[in-house]
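The structure under discussion appears below in the form of structure tokens.
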Amino acid sequence: MDEIGQKLRNARIKKGYTIDDLQQVTKIQKRYLIAIEEGQFDHLPGDFYVRAFIKQYSDAVGISSDDLLEEYKSEIPDSQPKEPVQSEENNTRSIKEESSSFFSNLGNYIPQIIVGIIVIVIIAVIAFGMVHKNQSASSVTIPKDNTEQTAKKSSDTKKSTSTKKSTTKSTAKKSSTTLSVKESSTSGTYTVKNLPSSGTNVVVTAKNGQAWIQFQEGSNTTWQQALSSGDKKTTKITSSTSTFSIQTGNINNTEVSIGGKSVDLSSVSDGSSIVQTLTFNVE
């Protein structure tokens, strides 16, 4: 057993402490306390803990830790060993040598760097000259051909004349494409011509009394209702409509207009029956 460990052990026993008691007082693990008493400092976590644990141990058993550490300082490891100064000097010297080597090597490449810069400048000058030359060539002014202008004026004159003639023809054509409603050879059947592409309105009016009306487009019933005297019902038919019909319960009280044009119902009104079906075929 080491001398310092024996001295601490004797002080502990004199104090009446067991190892377990001392562990509670110092908060140092039991195995480390035993290692100190046995002088086995290499079993402790490190040199710093050797001095620290001995100090706590001695204070706990009533021994002056400072006197103890001083008395056995040759046996207790130093917690802060001095690092050789030479190592730092060597590191500094190594850094300086590396820095000096870098600039030395860089100096060896200076001629190549200068040549590379000169080549780049020459290439840039040549490229700029070529671009400037192309821009100058593209900006050459080409004289205008007066002959082409004269021909253009003549062409514009012909187009103007042609446009006027076309306008005159269009006006004449419009006058011949006016909406018309004519009764066919079959009673109660009418032909509608020149229906506008946007469609037109069909207005059914009850006059002089009530009339029950049913309006159909093709085979589909659009609406049906009884109209009192003076009532009007407007239905818009489109250019896609090929046929529509109006069934009236009292032809004598019914008026029909298409696109503002009144439909002549005199031939069906003179019949024996007041219930009539008016059929309109769109061409």
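Every read-out reported here was derived from the displayed coordinates using simple, explicitly stated rules and does not represent laboratory data. This one's a predicted model, so the numbers in the text were calculated from it and none came from an experiment. Cβ sites come from the backbone with ideal geometry, for glycine too, and all protein chains shown count toward neighbours.
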Work from the charge dipole of the stretch 180-282 (Cβ charges, +1 for Lys and Arg, -1 for Asp and Glu, about the Cα centre) and give the residue of A206, Y190, S257 farthest towards its positive end.
-> S257
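Which net charge results for the neighbourhood of S229, defined as the other residues with beta-carbon distances under 14 angstrom from its beta-carbon, given Lys and Arg at +1 and Asp and Glu at -1?
Here the count lands on +1.
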Above-threshold pairs, the threshold being 18 Å between Cα atoms, out of K207/K232; K193/K261; K30/K73; K233/K261; K15/K55; K7/K55 | K30/K73
For the stretch 194-283 the chymotrypsin sites (Phe, Trp or Tyr not before Pro) that pass both the DSSP coil test and the at-most-14 other-Cβ-within-10 Å test are none
Quickly work out the I123-to-V275 label distance, labels modelled 7 Å from Cα along the C-beta direction, and quote it in nm with one decimal.
-> 10.0
Evaluate the distance, in nm, between pseudo-label points positioned 7 Å from the Cα of S65 and of K14 along their respective Cα→Cβ axes.
-> 1.9
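Taking 0.36 nm per residue of separation and subtracting the Cα-Cα distance, what length does fully extending Y49 through S219 add? Walk me through the numbers on the way to the answer.
Working: separation 170, 0.36 × 170 = 61.20 nm, distance 10.95 nm.
Stretched fully, the Y49-S219 segment lengthens by 50.2 nm.
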What distance in nm separates the simple spin-label points at T178 and N252, each placed 7 Å from Cα in the Cβ direction?
-> 3.4
